[in-house]
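Remarks on the structure that follows.
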Amino acid sequence: MTECNQCGRPAVKNYNGHPLCVACWGQLQGIDIKQREQLLREAVTHMQEINALENQMYTSVGLSPPAPKYDFSHLRVPQPNIYNNINVENSVVGAINTGEVQNIDIAMGDISAQGQKEVADSIKELTEAILKSNELDEAQKNEALENISYLSTQAALPKEERKKGVIKATLNGLKEVVSTSNGVLGLWQKVEPILNQIGF
């Protein structure tokens, strides 16, 4: 299987001749979406300013303002990230890598479809506990999410295609991070045996 030229994980997409894994492709898509939404916000703001200035010009000389020159009601207002499987509170969105959460959310759908409901449920519980934790800082949360994202994409692959050595190292790295949070550590002890199944 072709490997991602950014991180060495199994590639699933090709971007301008560069093979990318689910995680790296998701990050690229996330950046593209944010850039497009920023441009849309700027365009709408500019049109609002022009309409407001025109209204001000007419009212200043005692005339009724004309119909707005620009109608942007048809434009899609940028929506926050929507996840089908994971509950993400708005208060944490600015502090986490939403691209990794999106990857986890997508992979969870594939994992559940393959009949691995226990694994998908464990990933959901652990991800949400990490996002809500007050004991983990921003860097620790994002490190944990990166590890869960990789484990999720591996769990969605056929067993013969999984990189068991990397999975084991990722699980150890994840355990090291969550061990600093008493709240998450209790849950980790429950889900660890289930997540270990990904590497078997």
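Listed here are the pairs 13/132; 117/168; 13/190; which of them are more than 29 Å apart at the Cα?
Values: 13/132 32 Å; 117/168 21 Å; 13/190 34 Å.
From 13/132; 117/168; 13/190, over 29 Å: 13/132; 13/190.
Hey, if you drop one equal point scatterer on each alpha-carbon of the stretch 121-200 and run the Debye formula without solvent, what base-10 log of I(q)/I(0) do you get at q = 0.12, 0.26 Å⁻¹? Once normalised to I(0) and log-transformed, intensities are -0.30, -1.31.
Values in this text are rule-based calculations from the coordinates and carry no lab data. All values reported here derive from a predicted model rather than from experimental measurement.
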